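*Asks:* I'd like to ask some things about the structure below.
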Amino acid sequence: MVSAPATPTPTPSEDTDASPRLGSRRLQDVVIAIEAMNKWYGAFHVLRDISLQVHRGERIVLCGPSGSGKSTLIRCINRLEEHQSGRIVVDGVELTNDVRHVEQIRREVGMVFQHFNLFPHLTVLENCVLAPIWVRKEPRRVAEERAMRLLERVKIPEQASKYPGQLSGGQQQRVAIARSLCMQPKIMLFDEPTSALDPEMIKEVLDTMISLAEEGMTMVCVTHEMGFAKTVADRVIFMDQGQIVEENDPHTFFTNPVNDRTRLFLSQILHH
Amino acid sequence: MAVFEAKPALPPPVLTRGPVGWARQNLLSSPLNVGLTLVGVVLIVALVVPAVDWALLNATFRGTTADACTGTGACWPFVTTRLDFFVYGFYPPPERWRVNVLFALLALVIVPQLLPRFPGRRALAVFGFLGLPVLAAVLLLGGIAGLPFVETGKWGGLMLTLVLAMVGILAALPVGVVLALGRRSKMVVVRVSCTTFIEFWRGVPLISVLFMASVMLPLFLPEGVNFDKLLRALIGIIMFQSAYMAEVVRGGLQAIPRGQFEAAHALGLGYWRTMGLIILPQALKLVIPGIVNTFIALFKDTTLVLIIGLLDVLGSVQAAIVDPAWNRVAVEGYVFAGLCYWVFCFGMSRYSHALERKLQTGHKR
């Protein structure tokens, strides 16, 4: 099992060219390894023979038409969905039916949802300290100090004592990001974090995600924000009908896509 | 050059504000409303005036026998002379202070719950849930600590009603929550047994449950084994009401969006913490009206213990009515019993409204 410090290992930020960096990584740098994974919803084969490796500090953007299985794929990584065949190893722990493995992985993997899923009966601060106190058994004072630091980072410390229902969508999503970060995860999963937001609020959430990426967080994002993919991603993965169709660095992906299906998708979302 | 001068503020028209404005807007806004208002006034006069006449103006308040009631109104001495019986039943008079102590403790726990900023309110609530039932049992039953033993057969009146209702309420909620969680469990054995339990108890009338508990059960028990009639009635009430409570709580659980479970799981919370910290607080808040509805129904259903010979408030009133020394006094007794129930049920209703307002935290997703 890979033991890593609680804070994400910083990656050199000047290193923007993805391919040589990936090539120079050693094997134990792989934090998510998915091998020949398949999933069915009843008789419907929703994920087909997925193999994917994510390295520490890497930023992956998953895109594809709706129903292509991209959300299902990242929800398999923290076992919100169960896969039926193949292997998923996260941070050295294999996802099996063993509840302890699942809980161990969920402690290290943060997730941000399309619909925020904040707990409406708790204040912003209580939302943030709940898991550190009950799962990590931290003293309340320590958890609250970190929560306030992170709320400052997402630029809403003044909302700490409000309830989620009193915040705007963008503010709620930033709270959701802070809530995940409070568990000091090694990996962050983003499931269409800006899809439910009004246009003028998308930027504040993307800015938060970009600053997180700049600090070296390992990120897997399902998003339709191609601008974000271009500036932040190390790799862009295109999925269709439950398969990984194409996988490349953002420059090549956007300027010279190999697959016809990718070309069609890009022309649909970029030209209108 | 013209100089601007503000016009002085005028008082608003008298007919749009205050009581006159309110009456115009709410009572007299259209010909139909004028008509309805008139009908209402006539009804009120026709019903309330005779009621007040009977209950207060023409009523007899003093006296100790039926002969004192000479007026045309209510004969309240019937209630006042038997008040002790209506409150304590056959509880031995020298020991009635124990019941009074319990009433005081009950007030001590309940009243602070109505005052939002009372210090130690939560500690008192925890005591009310965990300590008070045990203390009440010791106090009322006795047999230890120098208190003479008082068998439950002698309990009665308002005190019995409160014992049945409080024990029923305190037990039915937690049992109902567990049953509701069980019915939604992924484990087949747990789910099937909870569903069977709920459907069985919801399918039989309470009166037959009590009757079975009191009459049939002893026939099946071996010779010499006999447990308390009140305890049997209590268990029957708890089983019955917790099945209803379970369905109310399940309604709340189903209203919680899946995203709440997913967010809790994604943060690493296990099943019990997800339920205890995230799902149940929201679900129970949603169904406060249903929970209190069940509580009120439970409170009033305690009158059914009459059928197995336990004398609660209503039972003791009915027992007193047959006294030949007092004739034509049935109504006074029933009015008294009705008032007792109404005070408690209305209190619960108001408390639930206050609780809903207090727990309101903005919009729900």
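*Asks:* Residues in region B:285-308 that are under 15 Å from B:Ser242 (Cα atoms) and not aliphatic (A, V, I, L, M): how many?
*Replies:* Result for region B:285-308: 7.
*Asks:* List, please: which pairs have Cβ atoms under 9 Å, are six or more places apart or on different chains, and start with a residue in region B:275-304 that is facing chain A (nearest Cβ under 10 Å) and touching a residue at least 60 places away in the same chain (Cβ under 8 Å) and end with one that is acidic (Asp, Glu) and part of a helix (DSSP H, G or I)?
*Replies:* What qualifies is B:Lys285/B:Glu356.
*Asks:* Tally up the residues in region B:185-198 that are touching a residue at least 40 places away in the same chain (Cβ under 8 Å) and either surrounded by fewer than 16 Cβ atoms within 10 Å (Cβ to Cβ) or over 23 Å from B:Leu280 (Cβ atoms) (or both), please. Give the steps one after another, and end with the answer.
*Replies:* Narrowing region B:185-198 to residues touching a residue at least 40 places away in the same chain (Cβ under 8 Å): B:194, B:197-198.
Still in the list and also either surrounded by fewer than 16 Cβ atoms within 10 Å (Cβ to Cβ) or over 23 Å from B:Leu280 (Cβ atoms) (or both): none.
Count: 0.
*Asks:* Looking at (1) crowded, with 17+ Cβ neighbours inside 10 Å; (2) in contact (Cβ under 8 Å) with a residue 40 or more places away in the chain; (3) touching a Lys or Arg at 6+ places or on another chain (Cβ under 8 Å); (4) not in a loop (DSSP other than H, G, I, E, B), can you tell me which one B:Gly259 breaks?
*Replies:* It is condition (1) that B:Gly259 fails.
*Asks:* Tell me yes or no: at least one residue of region A:193-205 is under 25 Å from B:Gln282 (Cα atoms) and in contact (Cβ under 8 Å) with a residue 40 or more places away in the chain. Don't jump to the end; show me each part of the working.
*Replies:* To start, the set of residues in region A:193-205 that are under 25 Å from B:Gln282 (Cα atoms) comprises A:193, A:196-197.
From what is left, the residues that are in contact (Cβ under 8 Å) with a residue 40 or more places away in the chain are A:193, A:196.
Taking every residue of region A:193-205 in turn, at least one turns out to be under 25 Å from B:Gln282 (Cα atoms) and in contact (Cβ under 8 Å) with a residue 40 or more places away in the chain.
*Asks:* Return the residues of region B:255-272 that are at the interface with chain A (Cβ under 7 Å from one of its Cβ atoms) and closer than 23 Å to A:Gln173 by Cα; say none if nothing qualifies. Even if it seems obvious, please write down each step before you answer.
*Replies:* The initial filter retains those residues of region B:255-272 that are at the interface with chain A (Cβ under 7 Å from one of its Cβ atoms), namely B:259-260, B:262-263, B:265-270.
Result: B:Gly259, B:Gln260, B:Glu262, B:Ala263, B:His265, B:Ala266, B:Leu267, B:Gly268, B:Leu269.
*Asks:* On to the next question. Taking B:Thr80 as the residue in question, decide whether it is open to solvent by less than 70 Å² (accessible area, probe 1.4 Å), hydroxyl-bearing (Ser, Thr, Tyr) and closer than 23 Å to B:Val313 by Cα. So that I can check it myself, show each step before the final result.
*Replies:* Values: open to solvent by less than 70 Å² (accessible area, probe 1.4 Å): no; hydroxyl-bearing (Ser, Thr, Tyr): yes; closer than 23 Å to B:Val313 by Cα: yes.
When the stated conditions are applied, B:Thr80 does not pass them.
*Asks:* Next up: State yes or no: is A:Leu73 of a type outside the set (Val, Ile, Thr), more than 20 Å from the chain's Cα centre (by Cα) and either surrounded by fewer than 20 Cβ atoms within 10 Å (Cβ to Cβ) or in a helix (DSSP H, G or I) (or both)?
*Replies:* Details: of a type outside the set (Val, Ile, Thr): yes; more than 20 Å from the chain's Cα centre (by Cα): no; either surrounded by fewer than 20 Cβ atoms within 10 Å (Cβ to Cβ) or in a helix (DSSP H, G or I) (or both): yes.
Considered against the rule, which asks whether it is of a type outside the set (Val, Ile, Thr), more than 20 Å from the chain's Cα centre (by Cα) and either surrounded by fewer than 20 Cβ atoms within 10 Å (Cβ to Cβ) or in a helix (DSSP H, G or I) (or both), A:Leu73 comes out as no.
*Asks:* Hey, another quick one. Which residue pairs have Cβ atoms under 8 Å apart, sit 6 or more places apart or on different chains, and have a first residue in region B:316-327 that is farther than 18 Å from B:Gly338 by Cβ and a second that is surrounded by fewer than 20 Cβ atoms within 10 Å (Cβ to Cβ) and polar (S, T, N, Q)?
*Replies:* B:Ala325/B:Thr65
*Asks:* B:Val317 is checked against (1) at pLDDT below 85; (2) surrounded by 14 or more Cβ atoms within 10 Å (Cβ to Cβ); (3) more than 14 Å from chain A (Cβ to nearest Cβ) and fails just one. What number does that condition carry?
*Replies:* (1)
One line per residue, one yes/no per condition, for (1) touching an Asp or Glu at 6+ places or on another chain (Cβ under 8 Å); (2) farther than 12 Å from B:Leu267 by Cβ:
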site: A:Arg107; (1), (2): no, no
site: A:Leu118; (1), (2): no, no
site: A:Pro132; (1), (2): yes, no
site: A:Leu151; (1), (2): no, yes
site: A:Glu158; (1), (2): no, yes
site: A:Leu167; (1), (2): no, yes
site: A:Gly170; (1), (2): yes, yes
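*Asks:* Let me ask you something else. Among the helices (runs of 4 or more DSSP H) contained in region B:277-326, which hold 2 or more residues that are in contact with an Asp or Glu (Cβ under 7 Å, 6 or more places away or on another chain)? Before you say what the answer is, go through the steps one by one.
*Replies:* Working: elements: B:280-286, B:288-301, B:313-321.
Output list is empty.
*Asks:* Just to be sure, is B:Leu310 touching a strand residue (DSSP E or B) at 6+ places or on another chain (Cβ under 9 Å) and touching a residue at least 24 places away in the same chain (Cβ under 8 Å)? Reasoning before the result, please.
*Replies:* Details: touching a strand residue (DSSP E or B) at 6+ places or on another chain (Cβ under 9 Å): yes; touching a residue at least 24 places away in the same chain (Cβ under 8 Å): yes.
Spelling it out, B:Leu310 is indeed touching a strand residue (DSSP E or B) at 6+ places or on another chain (Cβ under 9 Å) and touching a residue at least 24 places away in the same chain (Cβ under 8 Å).
*Asks:* Can you tell me which residues in region B:231-247 are surrounded by 21 or more Cβ atoms within 10 Å (Cβ to Cβ) and of a type in the set (A, V, I, L, M, F, W, C)?
*Replies:* B:Ala233, B:Ile237, B:Ile238, B:Phe240, B:Ala243, B:Met245, B:Ala246
*Asks:* Then there is this: Determine the pairs where a residue that is more than 12 Å from chain B (Cβ to nearest Cβ) and under 8 Å from A:Leu150 (Cα atoms), located within region A:173-187, has a partner that is outside any strand (DSSP E or B) and open to solvent by 10 Å² or more (accessible area, probe 1.4 Å) with Cβ atoms under 6 Å apart, the partner being 6 or more residues away or on another chain.
*Replies:* Listed pairs, sorted by first residue: A:Ala178/A:Leu150.
*Asks:* As an exercise: evaluate A:Val258 against (1) open to solvent by 50 Å² or more (accessible area, probe 1.4 Å); (2) closer than 30 Å to B:Leu269 by Cα and give the number of the one condition it does not meet.
*Replies:* (2)
*Asks:* Would you check which residues across region A:81-120 are surrounded by fewer than 19 Cβ atoms within 10 Å (Cβ to Cβ), at positive phi and acidic (Asp, Glu) and list them?
*Replies:* Within region A:81-120, no residue meets the criteria.
*Asks:* In region A:212-247, how many residues are open to solvent by 40 Å² or more (accessible area, probe 1.4 Å) and either over 18 Å from A:Thr194 (Cβ atoms) or assigned to a helix (DSSP H, G or I) (or both)? I'd like the intermediate steps shown before the answer.
*Replies:* Step one: of region A:212-247, the residues open to solvent by 40 Å² or more (accessible area, probe 1.4 Å) are A:214-215, A:224-225, A:227, A:230-231, A:241, A:243-245, A:247.
Checking the rest, the ones that are also either over 18 Å from A:Thr194 (Cβ atoms) or assigned to a helix (DSSP H, G or I) (or both) come to A:214-215, A:227, A:230-231, A:241, A:243-245, A:247.
Final tally of qualifying residues: 10.
*Asks:* Exactly one condition in (1) at pLDDT below 85; (2) surrounded by fewer than 16 Cβ atoms within 10 Å (Cβ to Cβ); (3) within 14 Å of chain A (Cβ to nearest Cβ) is not met by B:Thr361; state its number.
*Replies:* (2)
*Asks:* Looking at (1) open to solvent by 10 Å² or more (accessible area, probe 1.4 Å); (2) among the aromatic types (Phe, Trp, Tyr); (3) touching a strand residue (DSSP E or B) at 6+ places or on another chain (Cβ under 7 Å), which is the only condition A:Phe190 fails?
*Replies:* Status for A:Phe190: all satisfied but (1).
*Asks:* Right, another one. Can we say B:Thr64 is outside any helix (DSSP H, G or I), surrounded by fewer than 10 Cβ atoms within 10 Å (Cβ to Cβ) and among the polar types (S, T, N, Q)? Let's see the steps before the verdict.
*Replies:* Numbers: outside any helix (DSSP H, G or I): yes; surrounded by fewer than 10 Cβ atoms within 10 Å (Cβ to Cβ): yes; among the polar types (S, T, N, Q): yes.
When the stated conditions are applied, B:Thr64 passes them.
*Asks:* Can you name the residue in region A:121-152 that is of a type in the set (D, E, K, R) and touching a Lys or Arg at 6+ places or on another chain (Cβ under 9 Å) and is also least open to solvent (accessible area, probe 1.4 Å) among such residues? Walk me through it before giving the result.
*Replies:* The initial filter retains those residues of region A:121-152 that are of a type in the set (D, E, K, R), namely A:126, A:136-138, A:140-141, A:144-146, A:149, A:152.
In the following step, the residues that additionally are touching a Lys or Arg at 6+ places or on another chain (Cβ under 9 Å) were identified as A:136, A:138.
Working: A:Arg136: 70, A:Glu138: 31 Å².
So, considering only residues that are of a type in the set (D, E, K, R) and touching a Lys or Arg at 6+ places or on another chain (Cβ under 9 Å), the one least open to solvent (accessible area, probe 1.4 Å) is A:Glu138.
*Asks:* Looking only at residues that are aliphatic (A, V, I, L, M) and touching a Lys or Arg at 6+ places or on another chain (Cβ under 9 Å) in region B:235-254, which one is farthest from the other protein chains (Cβ to nearest Cβ)?
*Replies:* As a first pass, look at region B:235-254 and keep what is aliphatic (A, V, I, L, M): B:235, B:237-239, B:243, B:245-246, B:248-249, B:253.
Of the ones still in play, those that are also touching a Lys or Arg at 6+ places or on another chain (Cβ under 9 Å) are B:243, B:246, B:253.
Numbers: B:Ala243: 27, B:Ala246: 22, B:Leu253: 14 Å.
Among those residues, the one meeting the criterion is B:Ala243.
Let's see how each residue does on (1) in contact (Cβ under 8 Å) with a residue 12 or more places away in the chain; (2) within 30 Å of the chain's Cα centre (by Cα):
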position	(1), (2)
B:Arg24	no, no
B:Leu28	no, no
B:Gly35	no, no
B:Leu47	no, yes
B:Gly63	yes, no
B:Val99	yes, yes
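Condition check ((1) open to solvent by 10 Å² or more (accessible area, probe 1.4 Å); (2) in contact with a helix residue (DSSP H, G or I) (Cβ under 8 Å, 6 or more places away or on another chain); (3) within 22 Å of A:Phe190 (Cβ to Cβ); (4) not β-branched (Val, Ile, Thr)) across all residues:
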residue	(1), (2), (3), (4)
A:Ala33	yes, no, yes, yes
A:Tyr41	yes, no, no, yes
A:His55	yes, yes, yes, yes
A:Glu58	no, yes, yes, yes
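*Asks:* Next question. How many of the residues in region B:327-336 are in a helix (DSSP H, G or I) and either modelled with pLDDT of 90 or more or open to solvent by 30 Å² or more (accessible area, probe 1.4 Å) (or both)?
*Replies:* Filtering region B:327-336 down to residues in a helix (DSSP H, G or I) leaves B:330-336.
From what's left, either modelled with pLDDT of 90 or more or open to solvent by 30 Å² or more (accessible area, probe 1.4 Å) (or both): B:330-331, B:334-336.
Result for region B:327-336: 5.
*Asks:* Report every pair of residues separated by at least 6 positions or lying on different chains whose Cβ atoms are under 7 Å apart, first residue within region A:125-144 and farther than 14 Å from A:Arg106 by Cβ, second among the polar types (S, T, N, Q).
*Replies:* Between residues of region A:125-144 that are farther than 14 Å from A:Arg106 by Cβ and residues that are among the polar types (S, T, N, Q), the close pairs are A:Leu125/A:Ser161.
The values are calculated or read from the model by the stated rules, or taken from the named source; none is laboratory data. All of these numbers come straight from a predicted model, not from anything done at the bench. Every residue, glycine among them, receives a Cβ derived from its backbone with ideal geometry; neighbour counts consider all protein chains shown. SASA here: full protein model, heavy atoms, side chains in, ligands and nucleic acids out. Shrake-Rupley method; radii C 1.70, N 1.55, O 1.52, S 1.80 Å.
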